[in-house]
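Please treat every number below as a calculation from the coordinates, not as lab data. Nothing here was measured: the structure is a model prediction, and the numbers come from that model. Reconstructed Cβ throughout: ideal geometry from the backbone, glycine too, with neighbour counts over all protein chains shown.
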Amino acid sequence: MMAAARAVTGRAEPSGPDWRAVILRVAGGGLLLATGAIHLDLYLTGYRTIPTIGWLFLLQVIAAFALGVAVLAIPGRLVIAGRLAAAAGAVFALATLGGYLLTVWIGLFGFKEIRTTAGIIAGVVEVAAFAVLAALALAPAPAGGSAPAPARFPAQIPAAIARAGEAAAAVLAVAALALLAVAEAGATSAAPAPAAAGTGTGAVLKTATIGGTTVLTNAKGFALYSFAPDTPTMSKCYGSCAVYWPPVTGTAAAGAHLPGKVATIRRTNGGLQLTYNGHPLYTYIGDSAPGQAAGNNLNLNGGVWHEVPAR
């Protein structure tokens, strides 16, 4: 009886919402917003002061929030716009992960990343965002959408192409997770042992002219830094901070020839850290060669870092 009525009127019975597409939209948009929030936190807590990297982080934050909102806000009936937003979000998530892997493996614009909890979480979120948004971009068009009849690509993707695309996206997601695991396994994650953290016991402190200023360096000529939150008797740099800024270890004899006062403090792991004129000393992993002072005036890990003047 109902079928006969529909045949007479020529109208299709309204279909309910496509819950699979709704779930994918909410999950994909939410994952993009989550990665944007992680990058925003990193940007505000210090990455903004890193040359080039700071601007890239800001652009990532803006793009993540814009794409996340677009995925969530574009109505399901706007099939083509929804597909484009989902595809753009998937490409963005994969590109962001790729940039992170580059900074872990070889460094990017002079900055080399280390293994942190935030980095691992962001990487997993980005892989998940790619997988979900790729599935959303390839999902069938909802009944009653704005696509013309008969619908054409990209409003309606043929089933064979959709299956092939979903298989390719799954392979890419698995490969991305594997690369993330390999990168994190090989990345530095903890403060080096005292002998490798800086000058080492029995080594000497030196001076060098960097950027027109005579500053303190370790035996290899790498600039040394002080951390504003420190006190003359206590370092405030531990955990991931001590990976970015390895503490300089040794004995007070290391700087016997210098004009300032060299002393030591005891770190929580029992090692001795050198101080100069009351400032605990550190190197910076962003300095890739002697004569550099990329860490000078950076606001990272909860405070400002300064190169240490020799006088």
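Using r as the Cβ-Cβ distance of ALA87 and ALA170, and R0 as 25 Å, what FRET efficiency do you calculate, to the nearest 0.05?
Calculated value: 0.95.
Amide H neighbours of GLY291 under 5 Å, at least 5 residues apart or on other chains, H built in the peptide plane: list them.
Here ALA223 satisfy the definition.
Can you order the peptides 111-120, 214-223, 163-172 by their average number of other Cβ atoms within 10 Å per residue, highest first?
Listed from highest to lowest mean packing, they are 214-223, 111-120, 163-172.
Take the alpha carbon gyration tensor of the stretch 17-186, find the square roots of its eigenvalues, order them as a ≥ b ≥ c, and report rounded if a/c is under 1.5; if not, report prolate when a/b exceeds b/c, else oblate.
prolate
Which whole-Hz ³J(HN,Hα) couplings does the stretch 27-34 yield from phi under the Karplus relation 6.51 cos²θ - 1.76 cosθ + 1.60, θ = phi - 60°, glycine and proline marked x?
5, x, x, x, 5, 5, 5, 5
Check the straight Cα-Cα distances from LYS261 and name the aspartates and glutamates below 19 Å, setting aside those fewer than 8 residues away within the same chain.
ASP230, GLU307
Quick one: which residues, 5+ away or cross-chain, put their amide H under 5 Å from the amide H of ILE210? H built at 1.01 Å from N.
Here VAL215 satisfy the definition.
Mind giving me the FRET efficiency for LYS261 and THR52? R0 is 45 Å, r the Cβ-Cβ distance, nearest 0.05 is fine.
0.75
Can you give the extra length, in nm with one decimal, that the chain gains between LYS236 and LEU78 once fully stretched, where that is 0.36 nm per residue apart less the Cα-Cα distance?
Result for the pair: 51.5 nm of gain on full extension.
What does the extension gain come out to for ALA162 and LEU59, with contour length at 0.36 nm per residue minus their alpha carbon separation?
So the chain would gain 34.0 nm between ALA162 and LEU59.
From the backbone phi of the stretch 114-125, what are the Karplus-calculated ³J(HN,Hα) couplings (6.51 cos²θ - 1.76 cosθ + 1.60, θ = phi - 60°) in whole Hz, Gly and Pro given as x?
Values, residue by residue: 10, 7, 9, 4, 4, x, 5, 4, 4, x, 5, 4 Hz.
Positive end of the charge dipole of the stretch 17-186 (Lys, Arg +1 and Asp, Glu -1 on Cβ, about the Cα centre): tell me which of ILE50, GLY82, ALA63 has its Cα farthest that way.
GLY82
Taking square-rooted eigenvalues a ≥ b ≥ c of the alpha carbon gyration tensor, is the stretch 194-307 rounded, prolate or oblate, where a/c under 1.5 means rounded and, failing that, a/b exceeding b/c means prolate?
Note, shape of the stretch 194-307 comes out rounded.
Can you tell me the length gained on complete extension of the stretch ALA208 to ALA37, counting 0.36 nm per residue apart and subtracting the Cα distance?
Gain on extension, ALA208 to ALA37, equals 57.5 nm.
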